[in-house]
Every structure is written in structure tokens, then in C-alpha cells.
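Trainee: To start, I am sharing the structure in question, which I have written as C-alpha cells.
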Amino acid sequence: MKKRTFTLLLVALILSGSLFAQDNAVSGVVIDKKTSEPLIGATVMQKGTSNGSITDIDGKFAFTIPVGSTLLVSYIGYNSQELIIKDNAQLRILLESNSKNLEEVVVVGYGTQKVKDMTAPISSVKGSDLTKQTTSSAMSAMQGKMAGVQIVNSGEPGKGPDVKIRGLGSIGDYGNPLYVVDGVFVDNIDFLSSGDIEDLTVLKDASAAAIYGVRAANGVVLVTTKKGKINQTNVSYEGYVGYQIPVNIMKLANKDQYVQMLNDANANITGYVPKVAANYPASTDWYSQLVRNALTHSHSLDISGATEKTSYSFGGNYYSQEGIMNAKNDYERYNFRARLDQKVTGWLNMGFNTVVSNYTRNIPNNSAFFQAFVNPPVYSPYSNTNTAAYPVLFGSPQQAGLGNQYGNPVATAYYNNQKEDGLNLIFSAFAEFILSPKLKFRSSYNLDYVFYKNQNYTPQYNVGGSQGVLNSNLTKRFSLTTKQINDNLLTYTDKIGVNSFSVLLGQSTRVEKQSELTGTAINVPGYDDQSIYLKNGSFDNRYSTDGAYRYNAVSFFTRGTYNYDDRYLATLTFRADGSSKFQDTWGYFPSLGLGWIMTGESFMKDQTLFDYLKARASYGMLGNDNVPANSTVTLGTTGANSSAVFGNTLVTGIGAPTVYQNYLKWEVVNELDLGFDFSMAKQKLNGSLDYYNRRTNNVIFSAPIGGGVGVAELLANNGSVQNQGFEFSLNWSDKISKDLSYNIGFNATSISNKVLALNGRNTPIPGALIRGNYATQTKVGYPIGSFFGYEIAGVYASESEALRDPVSQTIKDAGYFKYKDQNGDNVIDEKDKVYLGSAIPKFTSGIDFGLNYKKLDVSISLQGQFGNKILNAKRMNRDVFADANYDLNFYQNAWTTTNHSSTYPSAAAYNTSFIQQANSFFVEDGSYIRIQNIQVGYTFDKLLGMKNMRVYVSAQRPFTYFTYNGFSPEVSGKPTENGVDTNVYPMQAVYSVGLKLNL
Amino acid sequence: MKKNIILAISSVILLTGCSDFLDIRPEATLPSTGMDYTKPENIFLPISAAYATMRTGGTHAFSYIGAFEVTSDNADKGSSPEDNPTMKQLDNFTFDPSNTLLNELWGGYFDVVSGANNALYQMPLFESALLNEGDKAYTRQCAGEAKTIRAYAYFNLVRLFGRVPIINKSLTSEELAAKKQESTDSIYRFIEKDLSEAINVLPETYTSNWAGRISKYTAMAIKAKVHMYRNEWDSVASLTDRIMASGNFDLLPNFRKEFSLDGKNSVESLFEIQSSTLGKSSGDQTYLEYAFVQGPRGNSPGNMQGWGFCTPSTDLINFFTARHDSVRALTTFLYRGTKTPEGDSIKATCSNLAYNGKVYTPSVSNKWSFNGYGFDQNVHIIRYSDILLMFAEAKVHGVTTGNASGFSALSAINKVRERVKLPVLNAVTLQNIWDERRAELAMEEDRFFDLVRSGQAATVLSSLGFKSPKNNIFPIPSAQMQLNTNLTQNPNY
């Protein structure tokens, strides 16, 4: 590896030495006059010759030119400029825009491209748009902002969102997009503050993403951190303080309602003595005991600037969020970043960039929310008479005569003490050799360093029943992951007449390593945080274990772009990836994108409808190696679970599963994209429309297998999946007067997800084993992880009606569901279970509205998703919790002798396993629509010596509409058991005031 | 372009070096095969892992007591009335294929089969790599243990589910998903072959540090029981006779001691599933929760209570009273509101009248930090009294062979009765033996299938909801039928 890099460096040095031995070097930078942004890809030529250059990512150029000749600087969408060269000056050229949007430059894989030249649908947002939302993670702020990008957020502090780009292609746990932060591959960007981000680009189709073939199968998110801007010294502060209020808190039955339902449910059980509400000491609303209002705040400081030779950017951010669970749960993060780019000589640029992110997270015990759902409301959270309880006098469900399966939810939340401290570091350094004005070689080293320490401490305590711990216990885990990448890129750009083209040749080497060490001890005194160490625990009963993975990868890639006369565009990419994770080591990922700027044609000259119209088509292949590194071979099993006991002695053993592991190949996406970009009404209206069809072949996932081989599931290339749909986005912006402008944006995405094949398996892949049945199944012809079960035809009104029904089912009685006999054989059995929907939405959409009047600005954004289902698994647990509480909705709607519901069972039927299986009662509609953010701001210019100051008030997620019987319709999960709600951390609305200062 | 050529050339050079870079063995793992087969000390590693597969929740804990005892007339579900409807279904025969406890048993016992299969795959690799004849013989002896383990798992599977697939080697996942069921006759032939081969190679005894390890007599005891379920009485008599004639086994004088921690792997023990905390108070799961789930419910402090499932039925208590079977009753029943001879008070506020006294573990012996009741209790699979009673039953069936031990049907059953201070019988009928089995082996997960095999189930269990012949076997779990569509359901389910 090193040898080759060295060879290239040597070649670069020799070449550069010869080229720059000439005189009359000219260099400089081309800048947008209005925004002071560098202009990338502007043409700088000696007039009347082919001698010239194209500006780089920082707007810079350098080449040689005779003194006294004329320099022509041109850039599409800008007025050209000419100037006479006097000496070897550093030039600063300001170009004025002659149009708007289309000349934007976006970051693409290993480079940048003008939007106009793209053959791929790329969506990009500015960091300044992301900081408008009061979220901890930049991806959370993306919710509803971009067509094709689906975000499922969680209310839990510090917990990142689930992100899916263009549906669900991977069935395993690793269907996440690839994130590339300044060239570094990372698993998520939760460690970044939105304020760190200059811009964020999502590569959706094969033409754009195939250059990242190795991991691009589920889309690529490119993040560029902030950079200094030419001749502009910027010192700014941005911050807000927000108040979080839990919303959509579920209502449960109160004591009287609960007792009434319980007595109804058990009326026919022999030996059951009806309960009397008055005998219970309390009527507790467990959910309201478990939530609270909480604070969040964020502060960012940015200092950046640039001269002709040096650009720098420094920043810091502090973010803090308390959890809305009424217990110890919060998230705190400090970020620092520094970037320096230096033009060392005319032929060498060097720079480095680093982001350091420190966080502390107190992780809540979400099972308290499930306990709150099941715990009867009949006892108090605290009880002075529960003398067995210590150190806190919590009330015990057993005092109220309840079984040991119940635990006091407030105590569960209280005695949880799980904390994670982490350090994420991103470092990248590069050297760029300008071998000639057209040929550049760039080598970079990128490091992602993730360290965290997780500690879980349970103090000695007792509440009652099984809820208590005689000996305190402590588990600590230290984990270190490093990902190192060396990229070597050679780029050549040129223009011959009306033919512009570029070629990129690249090579990349990756090494990823992870290791962790876990230790446990008991009887650790919990005086304070300083005493919670393993060494302070009992000498006996200490355990430690460790683990690790490593994998290596090598890639070669190339991209060619071609632009003929700003009318015909082509992008060709190819990547070859070798990964140590697969027995079939090498994967090959080609792509082709074509574009036609129709408004550039002479026959379009006369029409006035379109200011700009481009048709695009792309097709290509993308790979996914984001599978566990230790999964391709049958491994021995060790430890106590593989060791025999004889008497009181453990004898070491090594076992192994007796299934032959499957031969693992690359998971590959074949993606077709057809689209249009257009601009109308004097560029007031911009939009794009895309059809996408992604077919993932050799999908890798673990599927359960039958008993008999010692493992419950197995990883394999199990099938193929198709995602197809349309993406549409439309933006209208207009300036009505000098003082008043507004914009409206709309985006919509349709997703149709379908499993096409399961590689010869004639059985579906089951998931979500609930009550002895697989409630979700991955089946050919249906979306991944669909819900299957009985369709409810009604509820029997009486026993005689049930008996008259010719269709037989296990239990037929008044108040029981009458399941639909799908195959008409008069018997309800497995064959009558049908598709009941999927957790994948059919349609997602977002709307943005913005208005500026003088110095006042208002923005409103909405988003929603439609057509997805949620399995209400909280309700499906009554075989373990037969005397559990009821949610209010069930109480109000349950079938009774007086209320003959046709959709709800009776309380008695609700307790039977026959009702407690996947059926259309438990599968509910998960559609929702939400006001994501409302913000009103006012900007003061030249205030107290500052450039400007903006103050704003904002409401994040103030309102959500949904019908699902739960806290939140945002339920994430593994693809094969997606949308199964067992205990979801509730959502919160955030009301905040914020401030932005530019000094 | 010159640079591109150099790049291309260096790429080729690189590619040749790549195969080493990309072919790395996973970190922090052991290979499943390829352990050092030349080292005799490694022979027992896979055998040990096979033993460990029997120490699981799926094989010998909650679901085990449910299917083997709660189903019988000996025991009720226990716990509080509303608690665990899945177990309730086993108690009153309302279960269907989706019952999760049955699926746990299926998965648990097939994991035992897999553990044994892995060991049986590895033993010949050792045998061919080792040079010393003694070591080679040891690999064959160890294979005998694995075969006994596999036979035991299949004996439980065939009793539980009737027709199941026979898996005797490593499979691909496709083969597994298409595996067909075998007839019960084939399965029994498979079991008997494994056991016969095991008996030929296993030693008669081990040194004391191997307490509970499978010996020749363990395999013979299981085989005798298998033959009893097949009504092959000659084989039952000859195998039990050989065990009795060996002189290696006897009844402990004190019945109660057999069920105390001092009675673990006693002279009475033919086969026990080993469970131990290893004297620790927390850590790895080297124990079973078999006793814990049957511990007295609501009996604080924490280490003296369990979930209170599988409680002795009134019918069983009355049966003991009518027989004046007081010695065994004292140990079999743990009543609430009483004080044990060992000095523990069982609170009157416990949820149930009585609990399984055979898993009773005094508080001084429960050292686990929480929920540790009876973690050191082994699960009795076959005791010497079972051997005596099997022998007696074979003799009552008129078998004339198997006389080396000098026992008769009458002397065998009376040996069991004398120990617990019951008057000797002067004549013995099948019903005498069946009743003696019920009293002697109560709460030891023998009763339900004993009723089925002796043909008593239809009458004895009908009032509990048992339907004959449907409930002679349990349904194939629906989860398994979804994983392997070649499986067919048992009749009437």
C-alpha cells in the first residue's frame, strides 16, 4: 500500500518541479461579489488561447501567463470579466451573478460539481437551514426536508434518528446510509452539531453514489464542515434555550375503570373473587408520574476567515438536553473543530481538519414506560407503609396483591443508573499537488476515532416482589473503534471547444478495528460517582471479557464527466472494492448517468415556459459491506454456556453450531433513475421530478432457522428487494416588493417496497416473535417485515350467534373476534392469515413556508407520512400480564353485553391467547402529520457595533395528529420487525428563544 | 496519461498483495474446527459443550415442569390465578400450536441434539490425529457420552411431539428448512442404536471429581426407560437387572436427604442434570432455574422465594394421605404457614397452599445475590428407585430373564417402600407399581408421560381436560411449522 502511494508522490514531485520552473505565474481566487462565496469551476483563460485553468474547490486557480496579456474570467450564470496581467500578482476577482439558483455547486463523492452539470438527483441543504431546528442531531433536523429521505426520530436525549434513503433495501440491521464527513466514513453524524456543518448532500442514485460503491447501497450522506471564506472575517454566536413539553401522553384507565374491566374479564373464571376498587389505596396515572417538562439549550461560536493563501475556521458548540422522563436521563455534548487550508507554493496545497466531540449521556430505562402501561393504577408510587422498601419508600405492586411480574415503574426509572461518556474524533489531512493547471493529485489520510465508556450501576435496593437487588452491581464497558482511510486521487479537467470533461482516478485503502473490554463487580458502594469503580466492589465474583473485530478493504475507482456545449452531459463511474468480510471478496460497481439540457437547444429558444429544463437518466450498481465483520465462518462457542458442570465444578468446553455457514457475497443494488429538473417563471419556480427503481440483490440478513443446529438464526444472501417510487420537489420564491419576499417549498416521495425473491426459500422470513407467532414476516410479493395475521370480520354479539356461524375457530363466544375465513373452508387456521400492512410508509411529504418582511422573518414547516402500520405490541401481552391495566381507549370501546362493539373484543376475550395474536385489531394505522417547526425572527442591523443580530422564537413539533393508540407514531426497529411498538420514549414539543450574533 | 499507466501498473502489483490483506481471520474468535486434535486434553472440550446444552431454560426449567408435570394430575399451574395463561393452557389442555412453552422445548432439545452432533463430528478427528491407543479409546468413550445425550434429547422429543425430524449431522440452512419428520418407530430405533453403541464404550464409573458424568449405567437406565415406553419388557428387565446387579447403586437410607444439596449425585443417582452456582453469589449462568420457578411465591426474603409454579394438586395430597405415605409427603410437599425441619418458615401469606418440597433449598444454601432460590438443585432424571420399579413392572409382565441381581418384582417394590417406612406388600399388581411410581417420583416430571404410556391418561386426566388420543402428544409448534413447511401437524391440532 505504502509503496504505491510513494510512487505516485514521486511522480507528482518530478512533474510539478518541471512545470513550475517557468516564469509569469498568475494565481488568485474567484469570488461571488454578493455572497463572497468562492466560485468553483470558473474558467480562467488567457484570452484568445487555450491556456488557462479552472478554479478549485476554494475558488482558487494558478497557471502561467505572459505579462501584459488579457485574462478572461467566465462562469456560467455570471457576467464575464477581463483584466490585463501586470505582474505575478495574487488576484482577487469578483464576479457578479446574472441569474440565480442553477450555478450552485454541490459536493459530490471525491469532488464537487455544478448542479447544472449533474446527471444525478442530488439534494443539498446548508448548515444554516439545519440550525433553524432545535434538534440534537443534524439528521433529525432533516425530517421532512428532502424528498426520498425518511427520518424516524426518538424523543430520548442523545439518541440519533433512523434514516432511510429511498425505502428499505437491506433486510439486516445495517440498512443505514453511509455518512462521509470531510472524507471520513462514519456510521452516523449524531456527534456533530448542526452548527458544525457547512453543507450536507444526499446522494440518492447510482450515478452519484456508485463512486462510494463499497457502502453506497443505502444512499450516501456527504457532510462538509465549515470553512473560512475569502476576505471575510467572521465571528458569530448562535444559541437558544428551549423548554421541552411531553406531548400526546397516552391515557390509561383509572382505578375504578381498571377494576371494572378486570372483574368483567375474570367473571367466568372459577375461584375468582371480584376485586373492589375501594380496597385499593390509590388511583395512580403512571404515565404522568413518569414524565416531566425539561430544558434544552445550545450555544455555538464560530470564527473563520481567509486570505489568498490561508483559510481557517474554528468553532465550538455546547449542547445540553434533559430528558422528559422523570428520572436521570440527559445528554450533554461539547464540540470543537479546527480547519486550516494553506497554499504552500504554487504547486502544493495542504490542510487539515479536525472535529472533536465529547458527550455524556445518562441513558433512561425505557422499560419503565412499558411497566407504566401494564401496571394497574391501584397503588401509590411512594408508600410509607412499605417498610421492606429501601432506600426510598416506593410503593410496591405486591402490597396491592399483584404478581411478581409487576414492578413499580417510577422505581424502575429511579434505580436505573446508566451512563455513557464518549469521545468522537475526526481527523483528516491532505496534500494536493498541482501537476499542471488541469491535472491534480491529492492524497489524504482520514481517521475516525470513537471511544466510549459505558457504565451501568444498580444500587442495592428493594421495592417488593422481584423488584430489588440484594447486592449492588456494576458493569463497565470500554470500547474503541478506529477507521482509517487513505485516499489517493488524480483529477484531470479540460475544455476543448465546447467539450468540457473531467477524469478522476482514485484508490482507497481502509482498515477498521474495534475492541472492547467489559468488567463486572458486585457490592460496589454507591456513595457518589467517584466511588462507582469495579475495584471498590467485592473481590469475589468479578468478571471480565473482551471482544474485537477488524476488517480491511481496498478500492479502485474512476469517474469521467463530459459536458458538450452545456447541452449533453454524461457521468461514468466505476468502482472495484475488495472486502475481507466476504468469501467472494471483490465487488464491481459501475454506473452511467446522462443528462440533456433541453433549454440549451435551439428549438427551445422561442419557448418561454421553461427557463431551464434538464432531463436525466442514470443506471448503476451499488454495494453494501456494512455487515458484521465476524460473520462468514462458523465460530466456536466458549464460556459458561458451553461448559459442563459436574457437581460444583465447571469444566471448560468449546461448542459449535452444526449448520454450514452460507457463502457470503456482496449485497448489490441495481438502481435506475429517470428525472427532470426545471425552472420556470423567471426562475421563481424550481423543481424536480424523479422516478427511481432500486433493486437490491443478494440481500444479506439473518433469518431464523429451525431447531436442530444450535443457532437460532443465520446470516446469508437471502433475497432480493425492490423499492420504487417517485420523488417530487417544488420551490416557489418571489420578491413582491423591496420589503416583502416569501417562499414555499413542497416535497413528496412515494415508496413501494416489495420482496421479489427469497433465494429458493419456500417459506417467509419470520420476525417479531410475539405470543408464539411471528407477527411480522418477510414474504415474496410483500414489503419487508410486513404484518400478517387474521383479519377481523366482527365481534360475536352472543354465544348463539357464534354457534350458528358455520365457520369454526378455536374459541367462539360472545365478545370474541370473528376472524375472516379467507379461503372459505369454514375453518380458521394458519391459512387464513393475510397481509395486514407494513411499517414502511407509502408516502412521505414535507412543506416549508418562509416569509421575510423588512427585518422580520417567519417560517413554518410541516411533514408527515402516510400508509404505514404499527403493531400495538403493548396491548399484546396479556398472557404474562393478565391483570394488567387497560388503556383508556380500550376501556371506552371494549365489547360488553351493553356495548356490542364490532371492532373491540370483550375484556374476557382480550385475556386469551386466541385474541392475543397478530390480527387487524393490533395492527393500527401509523400515519401522521406534524407541524415540525414554527419560527419567527427579527434581525437588527449594526447594533451595538455588531454586524447584525437575529432573535427568534421557535416551536419544534408543537402539534402532531395521528390515530395510533400510543405515545408517538414514530416507531423504529429492525427491518424485519419494524414498527412493533413495545415501549417507545415519548415525543416532546420544544419551545425556544434563540439569538444569532455576527460581530 | 503516463501517470495513469503507472497507476495501473502499481494497481496490479497491489492486487497481488491484496489477497493477504483481505483474507484475515476474525478477531476475538475461535475456529469451530481445527482445534489441536493432537492434544488429548482437548478431547473433552466439545463433549463438555454438549453437556452444557442440557443446562438451559428451554430444556429443564419452566417449560419442562409445564409439559412434564403441570399437565399431570400431580400438579397445578400454581402462582396466582391470572399469572401466565401459557402455563395455564398446559394445566387444562387448552394449548394450541402457538403455545410458546412448547416451542421452547422444541428449540431446547434440538439444541441438545446439535451439541451432541458437534461432539460426534469432532471425536473421529481426534481419534485419527492421536497416536496413543488409550487416547483413541477415550475419544470413543466420549462419543458414547454424546450419543447418550442425543438419545436422551430424542426420547423427550418423541414423547413430547411424536414425529420429529432426525438430525444427526451438520446441515445447510436449506436442508434444515426442508427436513421431514420420521415415524416414531424410526426415532425409537435411532435412540436405541445410539444407546446400544454408548453402552458398549462407556465406563462403569468415574472418579469422584466427575460427579454426574454419564456412565454405562446411565445409558442403560435411559435405554431401560425407552424400552418401557415401547412395552419391550425383556429388555427392560435385563437392563435394570444389570444395573441392580452391578452393586454400584442403592437407595439412600434417608429419603429427604436425596432431595437436599447433600444428596446431589448420590449413590441413588443414575442421571441428573447438573446445576450449580459454583459457590459464587453472581456471575455466569452455570445453574438452572428449575427449583427457582417452583419456589414458594411471596415468601420473603428474596432468596427464599420463587415463582410458585407447579404446585402439588389436592388430588396428589389426598393420594398421599390415603396411602399413609407420610415420610415421602413430608419431603414432597412444602406447605405454607409451616416451619421446615431445617428451620425455615414458609409464610402463611404465600399465594399457594403447598409447593414442590423436592426442590426445597434451605436459606443458608441460597447464596445468590438475588432470586437465587435453589440454583444449586440438580434435576433428577432417573433415580435408583425408578430402576427398581421398572424392573418390578417388567417382572409383573411375566419376563423370566434378568435374574442376576436376585430381585423379584415383589422384593424390588418393597425395597422402595421399606425405605419410606411403608408396610411391605405380599403381592404386586401393575396398579401397585404405577401408584408406587406416582408416590415415589411425584413432582419429578415423570407422571404425565407415565400415565400416557401406561394407558391411564384417558381416564385419570379426562377431568382435567385431557382428550384421548389427541393429547397423548403435543402439537408441533406453529413457529417451527412456519420455519419448515415440510412439517405436518399432529392429529387433531
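The values are calculated or read from the model by the stated rules, or taken from the named source; none is laboratory data. Note that the structure is predicted; figures quoted are calculated from it, not measured. Counting neighbours? That spans all protein chains shown, and the Cβs are built from the backbone with ideal geometry, glycine included.
Trainee: Can you pull out every residue in the range A:520-535 that is in contact with a helix residue (DSSP H, G or I) (Cβ under 8 Å, 6 or more places away or on another chain) and crowded, with 19+ Cβ neighbours inside 10 Å?
Mentor: Of everything in the range A:520-535, those that are in contact with a helix residue (DSSP H, G or I) (Cβ under 8 Å, 6 or more places away or on another chain) and crowded, with 19+ Cβ neighbours inside 10 Å turn out to be A:T520, A:A521, A:V524.
Trainee: Another one. Only residues in the range B:359-382 that are within 12 Å of B:E272 (Cα to Cα) and within 14 Å of chain A (Cβ to nearest Cβ) count as the first member; pair them with residues that are among the hydrophobic types (A, V, I, L, M, F, W, C) and surrounded by 24 or more Cβ atoms within 10 Å (Cβ to Cβ), Cβ under 7 angstrom, at least 6 apart or cross-chain, and list the lot.
Mentor: B:Q377/B:A291; B:Q377/B:V359; B:V379/B:L288
Trainee: Related question: Filter the range A:640-680 down to residues that are without any contact (Cβ under 8 Å) to a residue 24 or more places away in the chain and more than 7 Å from chain B (Cβ to nearest Cβ), then give me how many there are. Working first, answer last.
Mentor: Of the residues in the range A:640-680, the ones without any contact (Cβ under 8 Å) to a residue 24 or more places away in the chain are A:640-654.
Remaining after also requiring more than 7 Å from chain B (Cβ to nearest Cβ): none.
So the count comes out to 0.
Trainee: May I ask you to list the residues in the range A:841-863 that are of a type outside the set (S, T, N, Q) and either assigned to a loop (DSSP other than H, G, I, E, B) or in contact with a Ser or Thr (Cβ under 6 Å, 6 or more places away or on another chain) (or both)?
Mentor: Listed by number, the residues that qualify are A:P841, A:K842, A:F843, A:D848, A:G850, A:K854, A:K855.
Trainee: Something else now. Please work out if B:D284 is surrounded by fewer than 16 Cβ atoms within 10 Å (Cβ to Cβ), in a helix (DSSP H, G or I) and within 14 Å of chain A (Cβ to nearest Cβ).
Mentor: Taking the combined requirement at face value, the residue does not satisfy it.
Trainee: Would you mind finding the one in B:E436, B:E440, B:E444, B:E393 that is out of contact with any Lys or Arg (no Cβ under 8 Å at 6 or more places or on another chain) and of a type in the set (D, E)?
Mentor: Numbers: B:E436 fails: out of contact with any Lys or Arg (no Cβ under 8 Å at 6 or more places or on another chain); B:E440 fails: out of contact with any Lys or Arg (no Cβ under 8 Å at 6 or more places or on another chain); B:E444 fails: out of contact with any Lys or Arg (no Cβ under 8 Å at 6 or more places or on another chain).
One residue alone meets the criteria, B:E393.
Trainee: Right, B:L202: of a type outside the set (D, E), in contact with a Gly (Cβ under 6 Å, 6 or more places away or on another chain) and either surrounded by fewer than 17 Cβ atoms within 10 Å (Cβ to Cβ) or modelled with pLDDT of 95 or more (or both) or not?
Mentor: yes
Trainee: While we're looking at this one, here's another question. Report whether or not A:T763 is within 14 Å of chain B (Cβ to nearest Cβ), in contact with a strand residue (DSSP E or B) (Cβ under 7 Å, 6 or more places away or on another chain) and within 30 Å of A:V880 (Cα to Cα).
Mentor: Judged against the criteria, A:T763 is not a match.
Trainee: Follow-up. For the range A:389-434, which positions are assigned to a loop (DSSP other than H, G, I, E, B), surrounded by fewer than 19 Cβ atoms within 10 Å (Cβ to Cβ) and more than 14 Å from every other protein chain (Cβ to nearest Cβ)?
Mentor: Selection gives A:P391, A:V392, A:L393.
Yes/no matrix, rows are residues, columns are (1) in contact with a Ser or Thr (Cβ under 7 Å, 6 or more places away or on another chain); (2) in a strand (DSSP E or B):
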{"position": "A:A748", "(1), (2)": "yes, yes"}
{"position": "A:V755", "(1), (2)": "yes, yes"}
{"position": "A:N759", "(1), (2)": "no, no"}
{"position": "A:A768", "(1), (2)": "yes, yes"}
{"position": "A:T776", "(1), (2)": "yes, yes"}
{"position": "A:F787", "(1), (2)": "yes, yes"}
{"position": "A:E801", "(1), (2)": "no, no"}
{"position": "A:A814", "(1), (2)": "yes, no"}
{"position": "A:Q822", "(1), (2)": "no, no"}
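Trainee: May I pose another question? Between B:S463, B:S411, which is within 14 Å of another protein chain (Cβ to nearest Cβ) and not in a loop (DSSP other than H, G, I, E, B)?
Mentor: Going through B:S463, B:S411 in turn, the sole match is B:S463.
Trainee: Just to be sure, is B:L105 in a helix (DSSP H, G or I), surrounded by 24 or more Cβ atoms within 10 Å (Cβ to Cβ) and more than 8 Å from chain A (Cβ to nearest Cβ)?
Mentor: For B:L105, the condition - in a helix (DSSP H, G or I), surrounded by 24 or more Cβ atoms within 10 Å (Cβ to Cβ) and more than 8 Å from chain A (Cβ to nearest Cβ) - is met.
Trainee: Scanning the range A:522-572 for residues that are of a type in the set (A, V, I, L, M) and either within 11 Å of chain B (Cβ to nearest Cβ) or part of a strand (DSSP E or B) (or both), which turns out nearest to A:W596 (Cα to Cα)?
Mentor: A:L569
Trainee: Let me ask another. Let me confirm something: among A:A209, A:A216, A:A265, A:A253, which residue is touching a residue at least 40 places away in the same chain (Cβ under 8 Å), more than 14 Å from chain B (Cβ to nearest Cβ) and closer than 30 Å to A:Y379 by Cα?
Mentor: A:A253
Trainee: Test of understanding: among B:Q482, B:Q489, which residue is touching a Pro at 6+ places or on another chain (Cβ under 7 Å) and surrounded by fewer than 20 Cβ atoms within 10 Å (Cβ to Cβ)?
Mentor: On inspection, the qualifying residue turns out to be B:Q489.
Trainee: Just give me the residues in the range B:242-259 being within 23 Å of B:D376 (Cα to Cα) and free of Cβ contacts under 8 Å to residues at least 12 places away in the same chain, in sequence order.
Mentor: Once the filter is applied, which keeps residues that are within 23 Å of B:D376 (Cα to Cα) and free of Cβ contacts under 8 Å to residues at least 12 places away in the same chain, the range B:242-259 yields B:N254, B:K257.
Trainee: Kindly provide the set of residues from the range A:225-274 that are crowded, with 17+ Cβ neighbours inside 10 Å and over 40 Å from the mean Cα position of the chain (by Cα), ordered by number.
Mentor: A:K255, A:Q257, A:V259, A:Q260, A:M261, A:L262, A:D264, A:A265, A:N266, listed by residue number.
Trainee: Looking at the range B:139-162, I want the residues that are without any contact (Cβ under 8 Å) to a residue 40 or more places away in the chain and have a partner that is outside any helix (DSSP H, G or I) and of a type outside the set (D, E) with Cβ atoms under 9 Å, at least 6 apart or on another chain. Which pairs are those?
Mentor: Listed by first residue and then by second, the contacts come to B:V158/B:V164; B:V158/B:I473.
Trainee: Collect the residues in the range A:446-458 that are crowded, with 18+ Cβ neighbours inside 10 Å and either more than 11 Å from chain B (Cβ to nearest Cβ) or more than 30 Å from B:Q305 (Cβ to Cβ) (or both), keeping them in residue-number order.
Mentor: Passing the criteria: A:N446, A:D448, A:V450, A:N454, A:Q455, A:Y457.
Trainee: Out of B:L131, B:L125, I need the residue that is out of contact with any helix residue (DSSP H, G or I) (no Cβ under 7 Å at 6 or more places or on another chain), more than 9 Å from chain A (Cβ to nearest Cβ), assigned to a loop (DSSP other than H, G, I, E, B) and at pLDDT below 95. Which one?
Mentor: Only one candidate qualifies: B:L131.
Trainee: Same structure, new question: With respect to A:S383, determine if the residue is touching a residue at least 24 places away in the same chain (Cβ under 8 Å) and farther than 30 Å from A:I230 by Cβ.
Mentor: Yes.
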